[in-house]
Amino acid sequence: MTDVTGMTEPDAHGTRPGAAASAARPADYLAAVAALQRAYAAIPPGSPVRLAKRTSNLFRFREAAPSARLRPGGTTGPNPPGQLDVSAFDHVLCVDPGSRTALVGGMTTYEDLADATLRHGLMPLVVPQLKTITLGGAVTGLGIESSSLRSGMPHESVTEMEILTGDGRVVRASDANEHAALYRGFPNSYGTLGYALALTIELEPVSPFVHLRHFRFDRPEACMEAVAQIARDGSLGGHRADFVDGTAFSLDEMYLTLGAFSDVAPWLSDYTRERIYYQSIRGPKEDFLTIRDYLWRWDTDWFWCSRPFGVQNPVIRRAWPRRYRRSDTYRKLVAFDRRHHLSAAVNARRGRPANEDVIQDVEIPVGRGAEFLRFFADRVGMSPVWMCPLRLRGERTWPLYPLRPGQVYVNFGFWGTVARPAGAADGYYNRQIEDEVTALGGRKGLYSTSFYPESEFWALYNGSEYAALKRDYDPEGRLAGLYEKCVRGK
Ligand SMILES: Cc1cc2nc3c(=O)[nH]c(=O)nc-3n(C[C@H](O)[C@H](O)[C@H](O)COP(=O)(O)OP(=O)(O)OC[C@H]3O[C@@H](n4cnc5c(N)ncnc54)[C@H](O)[C@@H]3O)c2cc1C
């Protein structure tokens with residue numbers, strides 16, 4: 001049945017199968033856009049603007065971080081001044097199995113998005129590993145997952161975005177209209193040009209299960225050669241690579257995990273209970289997960305970062321309610337700690353050196369990946385390290401995060417703290433990593449702390465293109481600039 005907006009009735013799950021994903025927006029959506037525009041216009045010029053979101057996966061903590069005090073819509077009390085209630089944009093508007101597309105609110109979490117599409121036997125082409133990463137966050141802040149060698153990054157399967165721009169307009173940007181420059185410059189703009197309210201994305205069919213095989217390597221060079229081979233052949237040792245990522249426990253113990261869609265599963269593992277996914281990689285070489293459990297395999301233990309909370313201790317794990325074994329719970333605990341300087345105070349009292357957060361994802365061309373791993377083990381020494389190969393899906397480049405089409409990169413992710421040598425300033429490790437990434441022809445994501453001098457930053461992240469976009473979509477600078485936000489932490 002079709003309603004006045006041209007969309008079909010929602011099914012029992014609230015999604016609208018059969019609707020053309022980029023069709024007319026429903027009336028409640030249009031009303032929410034108008035209300036948001038009014039709220040934005042009412043913020044006094046010069047006041048900082050922020051999204052009132054319930055969740056975040058940023059790792060730049062401010063003093064008294066605003067996210068801790070947010071009162072997003074649906075809770076009591078108005079949002080603090082300058083904070084935009086975007087709760088109306090937190091759900092899937094329509095899934096169209098026919099065209100394999102979906103129209104999705106910009107603040108929709110991937111958990112909700114994946115649930116809505118899996119009901120139709122479909123998934124977004126790339127589903128970042130943490131459940132509360134939102135589609136808008138992954139597109140403006142970049143995302144990656146084990147399908148990225150096949151399907152690139154999340155923004156590459158966005159066909160259209162409706163954006164509230166810094167100058168208060170709401171525009172639809174696609175690669176082929178008058179806002180194509182904004183469409184291409186939105187990835188890696190981190191909400192400094194505008195906020196994505198609704199996005200049309202492509203979907204792909206899934207099988208019910210994923211068949212995993214873990215391949216072990218005892219040298220970084222051999223591991224990186226295997227990545228290059230998988231990129232060429234689409235498989236390794238006869239196992240198809242619908243998905244591929246890896247875990248380096250040390251330079252002589254590294255694993256690549258290949259996942260192949262499967263219609264059958266002789267057994268199924270479940271890592272949301274006693275067993276822990278990252279530890280399983282060192283165990284039997286073969287495994288089976290449902291597609292949903294595969295997508296969230298890393299979320300339950302925030303990769304391995306749940307360890308400091310004791311959740312990997314079997315006794316505490318049993319007592320820790322299952323519904324709180326999630327990345328967003330752990331992140332809230334870390335945010336609380338950082339806001340109140342708890343672990344820093346304990347360290348200081350015990351006379352230990354200050355710790356530096358070394359929380360980064362970097363992309364390195366596969367041919368230089370082994371060098372990076374050796375540098376990292378020598379200078380930083382943190383483990384495990386997550387490894388995720390990627391290649392741009394198309395020929396198009398994305399100006400604010402320039403990667404070379406056709407080039408295979410490996411994303412290395414490391415998330416922890418390292419004791420600084422006496423007298424070393426904050427940024428001691430991060431700055432070395434930034435230099436090494438540049439020297440190896442790589443690129444660093446900006447969701448965490450960065451220490452680049454301003455001229456170097458703009459040389460790396462295309463300052464001239466960014467300045468043109470800022471002039472066209474936020475000429476009065478109502479939204480913070482990219483350097484201020486990502487390096488100076490505004
Ligand atoms: C430990 C850790 C591991 C990570 N691992 C991965 C990973 O494996 N794969 C991966 O893909 N990513 C990973 N990330 C990065 C994550 O995808 C980015 O931080 C992403 O931007 C978070 O999205 P969010 O929805 O939580 O946005 P938020 O954290 O709420 O916001 C991030 C930024 O995006 C802006 N923003 C948010 N929504 C919108 C919108 N709709 N329009 C415009 N701007 C918006 C905000 O203003 C802010 O500047 C990781 C991050 C951490 C901390």
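Yes or no: the stretch 448-465 includes at least one residue that is touching a residue at least 60 places away in the same chain (Cβ under 8 Å), aliphatic (A, V, I, L, M) and out of contact with any helix residue (DSSP H, G or I) (no Cβ under 7 Å at 6 or more places or on another chain). Walk me through it before giving the result.
The initial filter retains those residues of the stretch 448-465 that are touching a residue at least 60 places away in the same chain (Cβ under 8 Å), namely 448-449, 461-462, 465.
When the remaining residues are screened for being aliphatic (A, V, I, L, M), the result is none.
The answer is no; no qualifying residue exists.
Can you list residue pairs whose Cβ atoms sit under 8 Å apart, with the first residue in the stretch 126-145 being of a type in the set (Asp, Glu) and the second being part of a loop (DSSP other than H, G, I, E, B) and within 6 Å of the ligand (Cβ to nearest atom)? Count only pairs 6 or more apart in sequence or on different chains.
GLU145/PRO128; GLU145/GLN129
Among the residues of the stretch 188-201, is there at least one that is surrounded by fewer than 16 Cβ atoms within 10 Å (Cβ to Cβ) and in contact (Cβ under 8 Å) with a residue 40 or more places away in the chain?
no
Given the structure, is ALA31 at pLDDT 50 or above, out of contact with any Ser or Thr (no Cβ under 9 Å at 6 or more places or on another chain) and not polar (S, T, N, Q)? Please lay out each step first, then the result.
Numbers: at pLDDT 50 or above: yes; out of contact with any Ser or Thr (no Cβ under 9 Å at 6 or more places or on another chain): yes; not polar (S, T, N, Q): yes.
Yes, satisfied.
Take the residues in the stretch 89-114 that are touching a residue at least 60 places away in the same chain (Cβ under 8 Å) and among the acidic types (Asp, Glu), then tell me which one is farthest from the ligand (Cβ to nearest atom).
ASP96
In the stretch 289-307, how many are assigned to a helix (DSSP H, G or I) and touching a strand residue (DSSP E or B) at 6+ places or on another chain (Cβ under 9 Å)?
Step one: of the stretch 289-307, the residues assigned to a helix (DSSP H, G or I) are 291-295, 307.
Okay, now just the ones that are also touching a strand residue (DSSP E or B) at 6+ places or on another chain (Cβ under 9 Å), so 291, 293-295.
Summing the residues that are assigned to a helix (DSSP H, G or I) and touching a strand residue (DSSP E or B) at 6+ places or on another chain (Cβ under 9 Å) in the stretch 289-307 gives 4.
Those residues that are more than 7 Å from the ligand (Cβ to nearest atom), out of contact with any strand residue (DSSP E or B) (no Cβ under 9 Å at 6 or more places or on another chain) and part of a helix (DSSP H, G or I), I need them from the stretch 116-154; list them, please.
LEU118
For every residue, the table says whether it meets (1) within 30 Å of HIS179 (Cβ to Cβ); (2) of a type in the set (S, T, N, Q).
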residue: THR397; (1), (2): yes, yes
residue: VAL408; (1), (2): no, no
residue: ALA419; (1), (2): no, no
residue: ASP426; (1), (2): no, no
residue: LEU440; (1), (2): no, no
residue: GLY477; (1), (2): yes, no
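Applying the selection to the stretch 410-453, what residues are over 25 Å from PHE186 (Cβ atoms) and of a type in the set (Lys, Arg)?
ARG420, ARG431
If you scan the stretch 378-411, which residues turn out to be in a loop (DSSP other than H, G, I, E, B) and polar (S, T, N, Q)?
Applying the first criterion (in a loop (DSSP other than H, G, I, E, B)) to the stretch 378-411 yields 380-384, 391-408.
Listed by number, the residues that qualify are SER383, THR397, GLN407.
How many residues does the stretch 394-452 hold that are surrounded by fewer than 15 Cβ atoms within 10 Å (Cβ to Cβ), at pLDDT 95 or above and either under 23 Å from THR140 (Cβ atoms) or within 16 Å of the ligand (Cβ to nearest atom) (or both)?
The number of residues fulfilling the criteria is 2.
For residues that are more than 13 Å from THR417 (Cβ to Cβ) and buried (at least 17 other Cβ atoms within 10 Å of the Cβ), scanning just the stretch 330-348, find the one that is nearest to the ligand (Cβ to nearest atom).
My answer is ARG331.
The values are calculated or read from the model by the stated rules, or taken from the named source; none is laboratory data. These numbers were taken from a predicted model, which means no experiment stands behind them. Cβ: placed from backbone, ideal geometry, glycine included. Neighbour counts: every protein chain shown.
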